[in-house]
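J.: One structure coming up, written as structure tokens, with questions to follow.
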Amino acid sequence: MTEPLIIDIKRNALDDGPGIRTVVFFKGCPLSCVWCQNPEAINPGLEVMYSPGDCLDCGACQEACPTGALDLQRQPYPIDLANCRHCTVCVDQCPSKGLRRMGRSYTVEELAGEVLRDRAFYRNSGGGVTLSGGEATLYPDFQMRLLPILKQQGIHITLETCGYYSRPQFERHILPYLDLIFFDLKFADAGQHQRYTGKRNDLILANFRQLVKLSRIPVLPRIPLIPGITTTPENLQGIADFLRSENVHEVALLPYNPLWSEKAKHLGQALTYRHSQWLSGEELTACSRYFAGFTIRPF
């Protein structure tokens with residue numbers, strides 16, 4: 001795997017681990033969840049996001065495009081991806097951030113410098129750095145160079161993962177530097193996992209079992225509650241039974257957030273799942289019942 005692109009560095013985050021954190025969003029994911037909350041992080045390559053609210057309709061981007069792939073009359077996404085070279089000349093010519101690059105390269109030293117700027121916040125709040133995405137484990141060689149720098153500075157490191165990774169590389173290059181893992185479990189059934197994420201979950205479940213056995217650091221399973229997909233009684237009961245079989249009795253439930261769909265449309269992605277409502281309190285309570293006896297962590 002080549003060097004990663006970073007789509008965002010979110011500072012002063014309070015929801016991605018203990019204390020005040022800096023969250024690094026790596027671009028690229030082995031799964032293609034139809035509800036992905038960060039659709040700009042699925043493709044590991046450079047992309048251009050269109051922001052119609054910021055567009056001045058001045059036509060500068062259209063005139064600059066060397067392949068004629070850009071037409072502002074084409075909505076909701078003005079770029080013909082079949083003819084786009086991803087040169088991002090259009091972004092350079094946009095005066096208003098109507099077009100934005102999704103993905104930026106950092107050297108290990110540059111990225112370490114960016115997150116270490118916030119050391120005072122980590123120290124005073126018990127916070128640290130969270131690796132997110134996308135999927136940070138796609139880049140073990142990069143992490144092998146980055147994480148020792150952070151750990152030498154005493155930084156608390158959290159990983160948010162979909163669990164689909166090569167175990168030998170993960171255990172050798174990433175796990176020794178971690179202090180906390182948020183591990184997403186989406187489905188109990190492999191066929192359903194294949195249908196909605198593009199991959200079976202055999203590797204994910206095996207990786208989770210191995211992590212729990214190692215038990216050097218906390219591993220918190222997180223379940224995204226996607227209406228009509230992961231919230232079925234069969235799926236929630238199946239995940240609860242799996243966790244009990246592994247002697248895990250702590251879980252985080254992640255309520256559905258519909259804001260992802262606008263981002264997906266403005267990246268030119270086709271939507272195969274549509275649900276415009278936030279998960280209600282009543283729905284969350286109903287889902288929680290399958291985890292009787294568990295400690296349910298807020299998220």
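Throughout, read-outs are computed from the coordinates displayed, never taken from laboratory work. Computed from a prediction, not measured in an experiment: that's the story for all the values here. Ideal geometry is used to build each Cβ from the backbone, glycine not excepted, and the neighbour counts take in all protein chains shown.
J.: Apply the Karplus curve 6.51 cos²θ - 1.76 cosθ + 1.60, θ = phi - 60°, to the phi angles in region 218-233 and return the couplings in whole Hz, x for Gly and Pro.
T.: x, 10, 9, x, 10, 10, x, 9, 9, x, x, 10, 8, 8, 5, x
J.: Let me ask something else. For GLY133, what residues show an amide H to amide H distance below 5 Å, using hydrogens built from the backbone and excluding near sequence neighbours?
T.: Close amide H contacts, sequence-distant or interchain: PHE26.
J.: Is region 74-214 rounded, prolate or oblate when judged by the Cα gyration tensor, a ≥ b ≥ c being the square roots of its eigenvalues, rounded requiring a/c under 1.5 and prolate requiring a/b larger than b/c? The partial results should precede the final answer.
T.: On the way: a/c = 2.30, a/b = 1.19, b/c = 1.94.
Oblate is the answer for region 74-214, as a/c is 1.5 or above yet b/c matches or exceeds a/b.
J.: Under 5 Å between amide hydrogens, which residues at least 5 positions from GLU47 or on another chain qualify, with H placed 1.01 Å from N in the peptide plane?
T.: MET102
J.: How would you rank SER245, SER280, going from fewest to most other Cβ atoms within 10 Å of each one's own Cβ? It would help to have the intermediate numbers written out before the result.
T.: Details: SER245 9, SER280 12.
Lowest count first: SER245, SER280.
J.: On a 20 Å Cα-Cα criterion, which of the cross-link pairs LYS151/LYS213; LYS27/LYS263; LYS186/LYS265; LYS10/LYS186 come out too long?
T.: Values: LYS151/LYS213 23 Å; LYS27/LYS263 15 Å; LYS186/LYS265 23 Å; LYS10/LYS186 25 Å.
Violating the 20 Å Cα-Cα cut-off are LYS151/LYS213; LYS186/LYS265; LYS10/LYS186.
J.: Which of rounded, prolate, oblate describes region 174-219, given a ≥ b ≥ c as roots of the alpha-carbon gyration tensor eigenvalues and a/c under 1.5 marking rounded, otherwise prolate only if a/b is larger than b/c?
T.: On the way: a/c = 2.92, a/b = 2.43, b/c = 1.20.
Prolate, because a/c is 1.5 or more and a/b exceeds b/c.
J.: Below 8 Å, C-alpha to C-alpha, sequence gap of six or more: please give me the relative contact order for the chain in percent.
T.: On the way: 534 pairs, mean separation 59.0, N = 299.
It comes to 20 percent, rounded to a whole number.
J.: Here's a follow-up. Quick one: pull the percentage of alpha-carbon pairs in the chain with a separation above 35 Å. Intermediate results must be reported in sequence, preceding the final value.
T.: Numbers: 10233 of 44551 pairs.
Roughly 23 percent, rounded to a whole number.
J.: Highest mean first, how do 124-133, 256-265 rank when packing is the count of other Cβ atoms within 10 Å averaged over residues? Provide the component values of the computation, followed by the final result.
T.: Details: 124-133: 22.3, 256-265: 16.4.
Ranking, from highest mean packing down: 124-133, 256-265.
J.: Taking only Cα atoms, what is the 0 to 90° angle, nearest 10, from helix 202-214's long axis to the longest principal axis of the chain?
T.: 50
J.: Please say if region 46-102 is rounded, prolate or oblate, where rounded means a/c under 1.5 for a ≥ b ≥ c the square roots of the C-alpha gyration tensor eigenvalues, and otherwise the choice is prolate for a/b larger than b/c and oblate otherwise?
T.: Details: a/c = 1.31, a/b = 1.25, b/c = 1.05.
It comes out rounded by the Cα gyration axes.
J.: Compute the length gained on full extension between TRP278 and ASN83: take 0.36 nm times their separation in residues and subtract their Cα-Cα distance, giving the result in nm to one decimal.
T.: Numbers: separation 195, 0.36 × 195 = 70.20 nm, distance 3.60 nm.
So the chain would gain 66.6 nm between TRP278 and ASN83.
J.: Report the charge-dipole magnitude of the chain in Debye, nearest 20, computed about the Cα centre from +1 at each Lys and Arg Cβ and -1 at each Asp and Glu Cβ.
T.: Values: 31 positive and 31 negative charges, 118 e Å.
It comes to approximately 560 debye.
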